[in-house]
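Undergrad: To start, I am sharing the structure in question, which I have written as structure tokens.
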Amino acid sequence: MEFRAEKKFLRVSPQKARLVLDLIKGSRVEDARNTLLFTKKRVAEHVGKLLQSALDNANFLATEKGLDVEIDNLYVKSAVANDGPRMKRIRPAPQGRAYRYQRRISHIELVLAERGKNGSVATVVGEEQASALAPAKKKRAVAKKKSVGKKAVAKK
């Protein structure tokens, strides 16, 4: 099961946000919270709030919807910072000219998932996904059988 949280229109460039997000990708939620707490970047505070929001979403689904979710087994599956709209601004320049620059905005998405008891990632495959995967496996098996044939003798 995956739990998401998004923060849109954050006034920080996506490049700077990715520096912080790369620190917490793949780590346990508790380790990610500690990392964000001691990171000196300004965006780390916003990412910490977003991580808490995703954790609250997981907790809500565990209590209200009756899902069996171990909060201690959650980890950061993906953390992405995408471009938002850019604000075009003008800076005064010498001799009455003006230089244009852009203020960048980012959309940050955080996805938490649950690890299995042995440390492996827990995946749930529905009936629709299983039926969609079955024909693909058969096609690959048929393709392998066709490729097993006699090789043509090269002429000299």
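Undergrad: In segment 47-89, which residue that is assigned to a helix (DSSP H, G or I) and of a type in the set (D, E, K, R) is farthest from Asn34 (Cα to Cα)?
TA: Glu64
Undergrad: Taking segment 34-46 on its own, how many of its residues are among the aromatic types (Phe, Trp, Tyr) and either in a helix (DSSP H, G or I) or surrounded by 15 or more Cβ atoms within 10 Å (Cβ to Cβ) (or both)? I'd like the intermediate steps shown before the answer.
TA: Filtering segment 34-46 down to residues among the aromatic types (Phe, Trp, Tyr) leaves 38.
From what's left, either in a helix (DSSP H, G or I) or surrounded by 15 or more Cβ atoms within 10 Å (Cβ to Cβ) (or both): none.
Total satisfying the criteria: 0.
Undergrad: Continuing with this model, one more query. Among the numbered criteria (1) within 13 Å of Leu112 (Cβ to Cβ); (2) surrounded by fewer than 19 Cβ atoms within 10 Å (Cβ to Cβ), which single criterion is violated by Thr63?
TA: Checking Thr63 against (1) within 13 Å of Leu112 (Cβ to Cβ); (2) surrounded by fewer than 19 Cβ atoms within 10 Å (Cβ to Cβ), the one that fails is (1).
Undergrad: With the structure loaded, tell me whether Asp68 is out of contact with any Gly (no Cβ under 9 Å at 6 or more places or on another chain), farther than 26 Å from Gln15 by Cβ and surrounded by fewer than 12 Cβ atoms within 10 Å (Cβ to Cβ) or whether it fails that test. Full working, then the answer.
TA: Working: out of contact with any Gly (no Cβ under 9 Å at 6 or more places or on another chain): yes; farther than 26 Å from Gln15 by Cβ: yes; surrounded by fewer than 12 Cβ atoms within 10 Å (Cβ to Cβ): yes.
Taking the combined requirement at face value, the residue satisfies it.
Undergrad: Among the residues of segment 34-45, is any over 13 Å from Ile108 (Cβ atoms) and either among the β-branched types (Val, Ile, Thr) or modelled with pLDDT under 95 (or both)?
TA: Yes; the residues of segment 34-45 include at least one that is over 13 Å from Ile108 (Cβ atoms) and either among the β-branched types (Val, Ile, Thr) or modelled with pLDDT under 95 (or both).
Undergrad: Here's another thing I want to ask about it. Has segment 97-110 got at least one residue that is over 16 Å from the mean Cα position of the chain (by Cα), without any contact (Cβ under 8 Å) to a residue 40 or more places away in the chain and part of a helix (DSSP H, G or I)? Outline the logic, then answer.
TA: Of all residues in segment 97-110, those over 16 Å from the mean Cα position of the chain (by Cα) come to 97-105.
Right, trim to without any contact (Cβ under 8 Å) to a residue 40 or more places away in the chain and you get 97-102.
This time we only want the ones that are part of a helix (DSSP H, G or I), so: none.
Checking segment 97-110: not a single residue is over 16 Å from the mean Cα position of the chain (by Cα), without any contact (Cβ under 8 Å) to a residue 40 or more places away in the chain and part of a helix (DSSP H, G or I).
The values are calculated or read from the model by the stated rules, or taken from the named source; none is laboratory data. Just so it is clear, the model here is predicted, and its values are computed rather than measured. When we count neighbours, we look across all protein chains shown, and the Cβ atoms used for this are built from the backbone with ideal geometry, even at glycine.
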